[in-house]
Amino acid sequence: MPIYGALMRYIPRQLAFLEYEPLVQAAKTLNPEALSANAVGANYYGAGTVAGLVQKAFRRQAPHFDKHPALSTDVLNWTKSVLPVKSDSLVLDCGAGTGAVSRILAPHVKHVVATDISRHMIAIGEEKNTNEKIANITYERAENDALPFLDNSFDVVFSRLNVHHQKDPRTFLKELVRVVKPGGVVGIIDQIRPSTLSARIAARMNYLESLRDISHQNFYSGNELAQLLRDAGVEVSQANHTGVGAGLTAVIEAQESLENWISRAEPNPLNIKILSASIEGNAEYGTDYDQETGFQASFAGEEAQVKHIYGAVVGTKRS
Ligand SMILES: C[S@@+](CC[C@H](N)C(=O)[O-])C[C@H]1O[C@@H](n2cnc3c(N)ncnc32)[C@H](O)[C@@H]1O
C-alpha cells in the first residue's frame with residue numbers, strides 16, 4: 001500500500017509543521033528596524049552595497065552550489081558534529097544558502113529557520129524542501145546585519161561560510177548573538193586563512209579569492225574568528241587548536257580541482273587566467289619563486305587542486 005505509507009509519513013510532518021510554525025512566527029515577530037532594512041528595494045539590497053554584490057555573486061553560484069566541497073558528506077557531517085543541537089532546539093542557520101546544513105540538522109532538532117539574502121539560493125533550498133518533503137525548515141529572506149527576529153529567540157544560532165563575505169563582521173556577529181537565548185549555542189564555521197601565513201601572502205590569498213568571487217571580503221585566521229566571537233558576547237571555551245587552525249574549536253580540510261573552484265563562481269576571463277596561472281604556479285613550485293597563494297595548491301595527475309581549511313568556533317551566549 002504505497003499511498004498508505006506515503007500518507008503515514010506525510011501527516012506527521014504536516015502536524016509537526018502546524019506545531020512549530022507558530023513558534024517560528026513568534027520568533028519572527030519583526031522588530032521595526034529589521035523590517036525596514038529588509039524591505040526589498042531598501043538600501044541593504046541596493047547598488048553600492050556589499051549585500052548587492054553578494055546577491056550578484058550567488059545568483060551566479062546557485063546553480064553550481066551542490067559542487068561546493070563544503071557540501072560533501074564528510075564536511076557536512078563534520079559541521080553537524082561541531083554544533084551541539086537537541087531534539088527540542090529551535091535553530092537559526094544564518095546565511096544558509098541552499099540550506100545544506102539546515103537539512104543535515106533538521107531530523108535532529110525541532111525546527112530550523114534558514115535565512116539568506118539571495119533569492120536564488122533560497123529558491124533551491126525551498127525546492128529541496130518540497131522534493132524531500134521536509135516540514136521543519138522555514139526559509140526567510142533576510143540581511144545578516146538586520147535579522148527579522150526578536151532578541152533571545154533561538155536555542156542555537158550558527159552561520160557557515162558567511163563571515164568572510166561581511167563588510168563588518170562585528171555588526172553581523174552582534175546581530176547573530178542578539179537573537180540567541182542567554183546560554184544558547186553560537187557557532188561560526190568559515191573558510192579560514194592559515195594562521196601560519198605572512199601578512200603579504202594573506203593579502204594575496206584574499207586578492208585571488210576576490211578575483212574569483214566578487215563578494216569576497218576577508219579570510220580570518222582561527223584566532224581572529226574566536227576573538228570576534230568573544231567580542232560579540234560569546235563564551236568560547238574550547239578554542240585550542242594549534243598550527244594552521246590556531247584558536248579554533250574544530251578544523252577540517254577539503255580539496256577540489258582548480259576547474260571546479262573557478263567555474264563555480266563564473267569570474268570574468270581575465271580573472272580566470274590570473275587565477276589559473278597563480279594556482280598552477282603554486283602547485284608546480286610550492287613556495288619557491290614567490291609562488292605561494294595560501295590555497296596549498298598541488299597537482300593530482302595533470303589537474304591542479306586547491307585546498308580549503310574550514311574552521312569552527314563554538315560557544316555559548318554570556319548571560
Ligand atoms: C558560501 S554560501 C554558504 C551557504 C551555507 N551557509 C552553506 O554553508 O552551505 C554564503 C551564503 O551567504 C549568503 N550571504 C552572504 N552575505 C550575506 C548577508 N550580508 N546577508 C544575508 N546573506 C548573506 C549568500 O547569499 C550565500 O547564500
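Only the coordinates and a few stated rules stand behind these numbers; no lab work does. Computed from a predicted structure; not experimentally measured. FYI the Cβ positions are ideal-geometry reconstructions off the backbone, even for glycines, and counts take in every protein chain you see.
Could I have the simple spin-label model distance between Asp74 and Asp288, label points 7 Å from Cα toward Cβ, reported in nm to one decimal?
2.8 nm
Could you check the spin-label model distance between Arg141 and His64? Points 7 Å from the Cα along Cα→Cβ, value in nm.
2.4 nm
What do you get for trypsin sites (Lys or Arg not before Pro) in region 49-91 restricted to DSSP loop and a cutoff of at most 14 other Cβ within 10 Å of the site's Cβ?
Sites meeting the loop and neighbour criteria: Lys86.
Please state the shape class of region 62-178: rounded when a/c is under 1.5, otherwise prolate if a/b exceeds b/c and oblate if not, all from the C-alpha gyration tensor.
Because its axes are fairly even, with a/c under 1.5, region 62-178 counts as rounded.
By counting other Cβ atoms within 10 Å of each Cβ, how are Leu71, Leu90 ranked from fewest to most?
Listing Leu71, Leu90 from fewest to most nearby Cβ atoms yields Leu71, Leu90.
Can you work out the PRE-style zone for Asp88? Point 7 Å along Cα to Cβ, and I want the residues of region 131-172 with backbone N under 13 Å.
Correct set: 155.
So if each residue of separation counts as 0.36 nm, and I subtract the Cα-Cα distance between Asn152 and Arg318, what length gain in nm does that give?
On the way: separation 166, 0.36 × 166 = 59.76 nm, distance 1.17 nm.
Once the chain is fully extended between Asn152 and Arg318, it gains 58.6 nm.
Explain nothing, just the number: dipole magnitude of region 67-180 about its Cα centre with +1 on each Lys and Arg Cβ and -1 on each Asp and Glu Cβ, in debye rounded to the nearest 20.
The dipole magnitude comes to about 200 debye.
Expressed in nm to one decimal, what extension gain is obtained for the pair Ile274 and Lys133 from 0.36 nm per residue of sequence separation less their Cα-Cα distance?
Fully extending the segment from Ile274 to Lys133 adds 46.4 nm.
How do Trp78, Trp261 rank when sorted from fewest to most other Cβ atoms within 10 Å of their own Cβ?
Values: Trp78 18, Trp261 23.
Least to most surrounded, the residues fall as Trp78, Trp261.
May I ask you to compute the full-extension gain from Asn240 to Arg119, defined as 0.36 nm times their residue separation minus their alpha-carbon distance, rounded to one decimal in nm?
39.8 nm is the gain from fully extending Asn240 to Arg119.
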